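See structure below.
Every number in this text was worked out from the coordinates using simple rules, so none of it is lab data. What you are looking at is a predicted structure, and each value in this text was computed from that prediction instead of being measured. Backbone-built Cβ (ideal geometry, glycine too); neighbour counts: all protein chains shown.
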Amino acid sequence: MTSEELLQIAEEANADREASDFEVNVCVALGCLSQHSDKLKDTLTAEAAAASPRTGKRCHVRGTGCMGLCAAGPLVRVGSAADAGAQTLYAGVREGDVKALIESLGGKPVERLTAHLDQYFRGQIPIVLENSGYIDPEKIDEYIGRDGYQALIKALTEMSPQTVIEQISKSGLRGRGGGGYPTGLKWSTVAKAVGAQKYVICNADEGDPGAFMDRSVLESDPQRVIEGMAIAGYAVGASKGYIYVRAEYPLAVTRMTSSLRDARRRGLLGNNICGTTFAFDIEIRLGAGAFVCGEETALIASIEGLRGQPRPRPPYPAVSGLWGSPTLINNVETFANVAPIIRKGAEWYASIGTEKSKGTKVFALTGKITNTGLVEIPMGMPLREIIFGIGGGVPNGRKFKAVQTGGPSGGCIPEEHLDLPISYEALIDVGSMMGSGGMIVMDDTSCMVNVARFFMEFCMTESCGKCIPCRAGTAQMYQLLTKICDGKASHADLDLLIDLCDVVKNTSLCGLGMTAPNPVLSTLRYFKHEYMEHIDHQHCRAGVCACGSKPLSELSQAEVPA
Amino acid sequence: MNLAPPPLPSDDKRWKIVNGTMRRHGFARHALIETLHTVQSSFGFLDDVAIRFVAQSLHVPLSQAFGVATFYNHFSLKPAGKHTCTICLGTACYIKGADRLMAEAEKRLKIKAGHTTPDGNISLMTARCVGACGRAPVILEDSELLGLVEPGVMLEQLERWAAHD
């Protein structure tokens, strides 16, 4: 495969696309698929074929990846094949709407189905998700048609591994798995490490509950991840890659498996890629349901066929990782950013975002929010704009209480910090963290003590048991939180809880334990009054805890802050 | 060490699939998890015979094989019921009332999460986020994903399963 051949494939794919007068794009990612969008697609195909001889127009029905707004599915985008930007997005399309939808092609859009979502898409900058919803994820040529694999060929034929790493460093890209470690620095450490065999691992063990960005990227645009990994392999000198995917994501596994096969067939994986001496191939490894395997050393242990338990670092995987070889581990979203950076240049990427956090971040906006779905926003956008602008605010007239980011390692951010511009540092300053990108909005029907207990239960059951602070500490903290929820705790219990947070945070072996106290610490920081109400008055203002909710008249007003 | 591979535990064809996975990985020790995945998907659970067979074939100590089989949530050591109702307990689902769904299901089936009804008909399981948070709360009825689930809808399905007994 040479640059010219790639361009030819791209031209053919686009000519194919434009040969149709209209196109109908149906989302067949998990969210819409759960509402039988695959059957909807078949019906649309049949209806379009039946209408074609009558209208004399050709219509192409395509199954695509995620269009973002999962709650409003099944989503269908229709319009002129030549101008994807001017297409109409329909939400909640049912089988009964198919006829009207096909007949409307070339005429006025069907008003009752039209999704009025300008607000949702305003302010979003799609980089990682640029192809999501526009290409058929199972067709490599459609990816190539949208500039796919140009970055790989550019890197292999025009750039040295050193220049590739320089570009990634200059772009300011940081690890999107949550830690925010500079990607360029990680790559250069692996590149410098000595070893005959090096590995590239893609961490797709998205265990963080409430987050589904990686699943969506794998299901909607799998080739992008493969291209990013291949470029990384070239940059660090690795010839072998692994994608470690959760077994809970069967659709992502299927699409990734077929995408790897297509990439091999096109000569974009394997030996002598693009006529150079560079060889690289990727294998899939299935996770088996252990949250701790998101930690890099635990993930490596799992690929080696062992229990997924972390080990002390150093040595870091960059020096001694998989089977003792230098290993580069990055998250799905990090790899998904690589190709655009190489294609469009580091300066372009670095021009988006804040001083220390560059580019965009994909968030899964869920919970008590009107527009639930996947958003990609530039770093530096205030939380308020994401939640009340893009997200459309809290539904059912309820009051916003907190937004949870960072999953079980993160924290709850209250209203007063909503004007915070999103960046790695700013989120840590308010006691939360970026995490992999789950953003769960809570209203006044959620009890913050109960939420802290929920996360502690998660950490307790997911603790691998290797180090004592995490194994025993999370269990003790869970019991204390349960006592508070039940209205049976004393002030001494609260003090003990705070002490334990400190111990577990500072003495645990890996990230799971070190961050397990975060949900408690952040809710204590902003919602201490809720803890005190449970302890002093056996009162849960949200009415979800076992201690029950008391009428305000029974509580003295002075003791209950608003 | 050149030990001959053990004979297949029985003439059940599924053992050949399991053997195929191990052969594809050259009977390397690190194929343990991949092989257990194959056993789990072919047989539905890992029993003593299967774990011993895999451990022996891959020359992995039995302690390690059992260690791995019990460490990961995805592997089950008991057969599942005819039907499985899996309730997602991810954060988004929890905020949207998955705990109420769980309470209703436990009440209706008279079993705790992770167990199967005594007649072997329905298993009630939990999931740690299936990644369909946009449709929370979600449940899996057998392997079919259902979003925005109201307790009534779930209970109806449980009744239908119970009636087909």
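Only helices enter this figure: runs of n ≥ 4 DSSP H residues, each worth -39500 (n - 2.57), summed and divided by the residues of chain A, yield -12500 deg cm²/dmol at 222 nm to the nearest 500.
Normalised by the number of residues in chain A, the mean separation of alpha-carbon contacts (under 8 Å, six or more apart) gives a relative contact order of 13 percent.
If you take every residue apart from A:MET67 with its C-beta less than 13 Å away from the C-beta of A:MET67, what net charge results, scoring Lys and Arg +1 and Asp and Glu -1? Summing Lys and Arg as +1 and Asp and Glu as -1 gives -2. Extension gain for A:THR254-A:GLU138 works out to 40.8 nm (0.36 nm per residue, less the C-alpha to C-alpha distance).
A simple spin-label model places the labels of B:ASP142 and B:HIS25 2.9 nm from each other, with each point 7 Å out along Cα-to-Cβ. Two numbers describe the Cα atoms of region A:476-542: Rg and Dmax, which are 12.1, 38 Å. Scanning chain B for chymotrypsin sites (Phe, Trp or Tyr not before Pro) that sit in a DSSP loop and have at most 15 other Cβ atoms within 10 Å, the longest stretch containing none of them is B:46-165.
In chain B, the longest principal axis of the Cα atoms and the axis of helix B:98-109 are about 80 degrees apart. Entry note, chain B: relative contact order of 18 percent, from Cα contacts under 8 Å with a spacing of 6+ residues. A straight chain from A:GLU103 to A:THR277 at 0.36 nm per residue would run longer than the Cα-Cα distance by 57.3 nm.
Dividing the C-alpha radius of gyration of region A:132-178 by 2.2 N^0.38 Å, with N its residue count, gives 1.46. Using the rule -39500 (n - 2.57) for each DSSP H run of four or more residues, divided by the residues of chain B, the 222 nm mean residue ellipticity is -13000 deg cm²/dmol.
Where the centre of each part is set by its Cα atoms, how far does region B:31-80 sit from region A:11-88, in angstrom? Comparing the Cα centres of region B:31-80 and region A:11-88, I get a distance of 43 Å.
Here is the result for region A:178-225: no trypsin sites (Lys or Arg not before Pro) lie in DSSP coil with at most 16 other C-beta atoms within 10 angstrom of their C-beta. Using the Cβ-Cβ distance between A:SER549 and A:GLU415 with R0 = 22 Å, the FRET efficiency computed as 1/(1 + (r/R0)^6) comes to roughly 0.55.
Work out the length of the dipole vector of the protein assembly as shown about its Cα centre, built from +1 on the beta-carbon of each Lys and Arg and -1 on the beta-carbon of each Asp and Glu, and round it to the nearest 20 debye.
With only Lys, Arg, Asp and Glu charged at Cβ, the dipole is about 1120 debye.
Taking only the Cα atoms of region A:14-115, the radius of gyration and Dmax are 12.4, 36 Å. Estimated at 0.36 nm per residue, the fully extended path between A:ARG525 and A:THR55 surpasses their Cα-Cα distance by 162.8 nm.
Taking only the C-alpha atoms of region A:458-514, the Rg (one decimal) and the largest Cα-Cα distance, Dmax (whole number), read 11.3, 33 Å. Between B:ARG128, B:ARG24, B:ARG52, the GNM of chain B built on Cα springs shorter than 10 angstrom shows B:ARG24 fluctuating the most.
Determine, from the Cβ-Cβ distance of B:LEU77 and A:GLN476 and an R0 of 25 Å, the FRET efficiency 1/(1 + (r/R0)^6), rounded to the nearest 0.05.
Once the sixth-power term is evaluated, E becomes 0.35.
What helices in chain A pass both tests, a Cα length along the helix axis of 20 Å or more and a mean Kyte hydropathy of 1.0 or higher, using whole DSSP H runs? Span-like helices, by this rule, are absent here. Within chain A, the percentage of alpha carbon pairs spaced more than 43 angstrom apart rounds to 22%.
Annotation: average projected area of region A:361-408 is 3.4 square nanometres, based on the convex hull of Cα atoms across all directions.
The angle between the Cα long axis of helix B:14-24 and the main principal axis of chain B comes to about 60°, on a 0 to 90 degree scale. For the listed residue pairs A:LYS358/A:LYS505; A:LYS240/B:LYS13; A:LYS108/A:LYS368; A:LYS356/A:LYS401; A:LYS170/A:LYS344; A:LYS198/B:LYS16, the alpha carbons are over 24 angstrom apart in A:LYS358/A:LYS505; A:LYS240/B:LYS13; A:LYS108/A:LYS368; A:LYS356/A:LYS401; A:LYS198/B:LYS16.
Distance from the alpha carbon centroid of region A:168-183 to that of region B:93-119 works out to 41 angstrom.
Hey, what D do you get for region A:388-472 in µm²/s if you plug the Kirkwood alpha-carbon radius into Stokes-Einstein at 4 °C and 1.567 mPa s? Don't skip to the answer; put the middle values down first.
Values: Rh = 14.2 Å.
D, rounded to a whole number, is 91 µm²/s.
Between A:ASP429 and A:ILE468, the C-beta separation translates, for a Förster distance of 35 Å, into a calculated FRET efficiency of about 0.70. Roughly how many nanometres apart are two label points built 7 Å out from the Cα toward the Cβ at A:GLU5 and A:THR163? Each label point lies 7 Å from its Cα, and together they span 2.2 nm. I'd like the GluC sites (Glu not before Pro) in region A:291-386 restricted to DSSP loop residues with at most 12 other Cβ atoms within 10 Å, sorted by number. Within region A:291-386, the qualifying GluC sites (Glu not before Pro) (loop, at most 12 other Cβ atoms within 10 Å) are A:GLU355. Kirkwood hydrodynamic radius computed over region B:75-165 comes to 12.9 Å, based on all pairs of distinct alpha carbons. Using the Cβ of B:HIS83 as centre and a radius below 9 Å, the other residues enclosed give a net charge of -1, where K and R count +1 and D and E count -1. The calculated P(r) of region A:147-350, using every Cα pair and 5 Å bins from 0, goes 1, 8, 17, 22, 22, 17, 9, 3, 0 in percent. Projecting the Cα atoms of A:MET229, A:GLY195, A:ILE165 onto the charge dipole of region A:147-350, computed from C-beta unit charges around the Cα centre, puts A:GLY195 farthest toward the positive end. Entry note, region A:448-559: relative contact order of 30 percent, from Cα contacts under 8 Å with a spacing of 6+ residues.
The Rg/Rh ratio of region A:448-559, with both radii computed over alpha carbons and Rh defined as the Kirkwood radius, is 1.01. When DSSP beta bridges are restricted to pairs lying wholly in chain A, around 50% turn out antiparallel. Summing +1 for each Lys or Arg and -1 for each Asp or Glu among the other residues whose beta-carbon sits under 15 angstrom from that of A:ASP141 gives -3. Max-minus-min Cα coordinates of chain B on each principal axis give 59, 33, 23 Å, with the largest extent listed first. Sorted into 10 angstrom bins from 0, the C-alpha pair distances of region A:328-459 split as 12, 42, 32, 12, 2 percent. All C-alpha to C-alpha distances of region B:14-71, sorted into 10 Å bins beginning at zero, yield P(r) values of 27, 63, 10 percent in whole numbers. Separation of region A:424-476 and region A:266-297, taken as the distance between their Cα centroids, equals 31 angstrom.
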